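Below: the structure, in structure tokens.
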């Protein structure tokens with residue numbers, strides 16, 4: 001009995017000694033596992049932080065990021081192995097299974113390259129004598145500029161390019177079509193959406209259908225651009241006039257069109273779009289940018305509208321970025337054929353323009369692309385379309401303020417202190433418009449140059465030794481950009497012109513004497 005009691009006492013003492021040891025081991029195990037879990041969470045959080053906080057770095061260094069992540073994985077495996085070896089020396093039971101890893105899409109975002117192929121589209125509605133003379137050079141330079149800003153030529157570009165020319169049935173065998181095809185544009189032949197007045201309904205009180213023929217630059221022929229919506233084999237279409245030049249990639253626009261807003265890639269892209277300054281300061285969204293499904297980007301033409309009509313501005317038809325959509329195309333064509341365009345200027349008591357909306361004859365090209373798309377994207381599909389900053393995406397070097405003499409002319413700010421005209425109010429109706437001072441906008445922050453106010457590069461204009469207007473220096477830099485690309489598509493011609501070779505690179509013999517491409 002005494003012996004049994006003695007054994008019990010000894011066992012009890014041993015048990016009391018083991019209690020704190022077991023308790024310590026349990027705490028150590030819990031703490032160690034928690035540390036591992038926190039380390040894993042922190043590491044994943046850092047990876048997510050890289051994606052959300054530094055979009056440009058991540059976007060531009062996909063390869064280096066992949067290598068870093070590979071090294072990070074190897075380091076993580078080494079740490080896990082060391083921890084497991086240490087645990088086996090103290091544990092008598094197997095360690096608990098690791099927590100399930102977060103889905104890869106929630107932790108990191110990488111894409112195969114190219115992400116997608118963008119359709120770049122030009123339109124030949126009518127092969128005029130003037131167009132036929134320059135179309136080969138203009139198309140070749142534009143195409144080369146796009147290649148330089150696309151995958152795989154550009155070092156950071158993630159979108160490839162494919163080239164198309166929309167031509168009318170009447171011009172499919174013409175000289176202009178043959179020339180653009182010879183430099184790599186695939187022909188897409190379409191009937192004119194509106195062939196003439198006979199296609200337009202007669203509506204009581206509306207303008208007669210014949211008025212569309214002479215509207216804007218090209219009349220009803222310009223509606224051929226609506227076939228940009230027909231490229232359903234592509235995710236994005238960029239419609240450009242031939243007098244444009246692509247200077248830099250536009251990935252920030254393509255990303256939000258490709259990726260839905262609820263995805264990690266979509267959220268990242270929308271945040272990047274906002275912080276990049278791509279959106280026009282005049283644009284007022286009806287839904288948050290973070291929730292928007294993007295179907296179209298456009299710029300507005302504030303330079304052709306009289307004072308008092310700032311709430312009804314036409315689009316600038318030289319640059320459009322859209323998602324192909326047959327329904328949208330057919331809807332716009334039906335509107336153009338409806339005949340519901342009423343006379344008058346602006347949103348007056350008797351409303352004018354498309355469906356009495358106020359998009360009337362104060363807009364240049366009101367009855368075709370400029371007015372029709374402005375009405376459509378401002379009032380019908382506003383929740384899916386965004387106005388872009390025109391100095392960045394459709395740079396024509398325009399004056400954001402109107403002159404005291406005329407609402408259009410002079411188009412630039414005079415540098416002469418004795419000039420009789422002076423800049424007064426902002427053309428867009430705001431009190432301050434220095435954020436769209438395109439006359440002084442840096443070329444390095446420009447995506448698309450559009451040679452309208454600056455004149456065409458192939459005009460070989462005179463270069464003033466002493467600038468008379470603000471913006472002349474910007475125009476000269478944009479001319480240099482065009483001719484830098486022109487040198488890359490040089491043919492058999494002898495490019496030794498003496499007219500300001502520092503700007504025109506030998507392709508202007510003298511003023512108004514351009515040296516054409518010879519294949």
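The values are calculated or read from the model by the stated rules, or taken from the named source; none is laboratory data. What you see is a predicted model; the values in this text were computed from it and never measured. Every residue, glycine among them, receives a Cβ derived from its backbone with ideal geometry; neighbour counts consider all protein chains shown.
Out of all the residues in the range 172-214, which are over 30 Å from the mean Cα position of the chain (by Cα), over 19 Å from residue 334 (Cα atoms) and not in a loop (DSSP other than H, G, I, E, B)?
Result: 175, 214.
Being over 15 Å from residue 247 (Cβ atoms) and either surrounded by fewer than 17 Cβ atoms within 10 Å (Cβ to Cβ) or in the same structural domain as residue 132 (by TED's automatic domain parsing) (or both) is the filter here, so list the residues in the range 469-488 that pass it.
Matches in the range 469-488: 473, 487.
Which residues, taken from the range 391-407, are in contact with a helix residue (DSSP H, G or I) (Cβ under 8 Å, 6 or more places away or on another chain) and assigned to a strand (DSSP E or B)?
Answer for the range 391-407, where residues must be in contact with a helix residue (DSSP H, G or I) (Cβ under 8 Å, 6 or more places away or on another chain) and assigned to a strand (DSSP E or B): just 395.
For every residue, the table says whether it meets (1) over 14 Å from residue 254 (Cα atoms); (2) in contact with a helix residue (DSSP H, G or I) (Cβ under 7 Å, 6 or more places away or on another chain).
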| position | (1), (2) |
| --- | --- |
| 118 | no, yes |
| 128 | yes, no |
| 144 | yes, yes |
| 159 | no, yes |
| 168 | yes, yes |
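Among 226, 242, which is the only one that is in contact (Cβ under 8 Å) with a residue 12 or more places away in the chain, within 25 Å of residue 371 (Cβ to Cβ) and in a helix (DSSP H, G or I)? Working first, answer last.
On the way: 242 fails: in a helix (DSSP H, G or I).
When all the criteria are applied, what remains is 226.
Please tell me if residue 135 is part of a strand (DSSP E or B), farther than 30 Å from residue 266 by Cβ and either in contact (Cβ under 8 Å) with a residue 12 or more places away in the chain or under 18 Å from the mean Cα position of the chain (by Cα) (or both).
Numbers: part of a strand (DSSP E or B): no; farther than 30 Å from residue 266 by Cβ: yes; either in contact (Cβ under 8 Å) with a residue 12 or more places away in the chain or under 18 Å from the mean Cα position of the chain (by Cα) (or both): yes.
The answer is no for residue 135.
Within the range 363-374, work out how many residues are closer than 27 Å to residue 434 by Cα and buried (at least 24 other Cβ atoms within 10 Å of the Cβ).
Number of matching residues: 5.
In this structure, is residue 252 surrounded by fewer than 22 Cβ atoms within 10 Å (Cβ to Cβ), part of a helix (DSSP H, G or I) and without any contact (Cβ under 8 Å) to a residue 40 or more places away in the chain?
Here the answer is yes, as residue 252 does meet what is asked.
Of the residues in the range 324-345, how many are farther than 30 Å from residue 161 by Cα, assigned to a helix (DSSP H, G or I) and in contact (Cβ under 8 Å) with a residue 12 or more places away in the chain? Let's see the steps before the verdict.
If we filter the range 324-345 for residues that are farther than 30 Å from residue 161 by Cα, which is where we start, we get 334-345.
The next check asks that each one be assigned to a helix (DSSP H, G or I); those that pass are 334-338.
In the following step, the residues that additionally are in contact (Cβ under 8 Å) with a residue 12 or more places away in the chain were identified as 335-338.
So the count comes out to 4.
On the given criteria, is residue 327 crowded, with 19+ Cβ neighbours inside 10 Å, out of contact with any strand residue (DSSP E or B) (no Cβ under 6 Å at 6 or more places or on another chain) and either at pLDDT 95 or above or assigned by TED's automatic domain parsing to the domain that holds residue 204 (or both)?
no
Take the range 501-517 and flag every residue that is under 9 Å from residue 460 (Cα atoms) and either out of contact with any helix residue (DSSP H, G or I) (no Cβ under 9 Å at 6 or more places or on another chain) or loosely packed, with under 12 Cβ neighbours inside 10 Å (or both).
509, 510, 513 - these are the residues of the range 501-517 that are under 9 Å from residue 460 (Cα atoms) and either out of contact with any helix residue (DSSP H, G or I) (no Cβ under 9 Å at 6 or more places or on another chain) or loosely packed, with under 12 Cβ neighbours inside 10 Å (or both).
Condition first: under 23 Å from residue 311 (Cα atoms) and assigned to a strand (DSSP E or B). Now tell me which residues in the range 408-466 satisfy that.
The answer is 423, 424, 425, 426.
If you go through the range 286-323 one residue at a time, how many are in a loop (DSSP other than H, G, I, E, B), in contact with a helix residue (DSSP H, G or I) (Cβ under 8 Å, 6 or more places away or on another chain) and buried (at least 19 other Cβ atoms within 10 Å of the Cβ)?
Counting residues in the range 286-323 that are in a loop (DSSP other than H, G, I, E, B), in contact with a helix residue (DSSP H, G or I) (Cβ under 8 Å, 6 or more places away or on another chain) and buried (at least 19 other Cβ atoms within 10 Å of the Cβ) gives 11.
Take the conditions in the same structural domain as residue 322 (by TED's automatic domain parsing) and outside any helix (DSSP H, G or I) and apply them to residue 277. Does it pass?
When the stated conditions are applied, residue 277 passes them.
Considering only residues that are assigned to a helix (DSSP H, G or I) and either over 18 Å from the mean Cα position of the chain (by Cα) or buried (at least 22 other Cβ atoms within 10 Å of the Cβ) (or both), which ones fall in the range 147-171?
169, 170, 171
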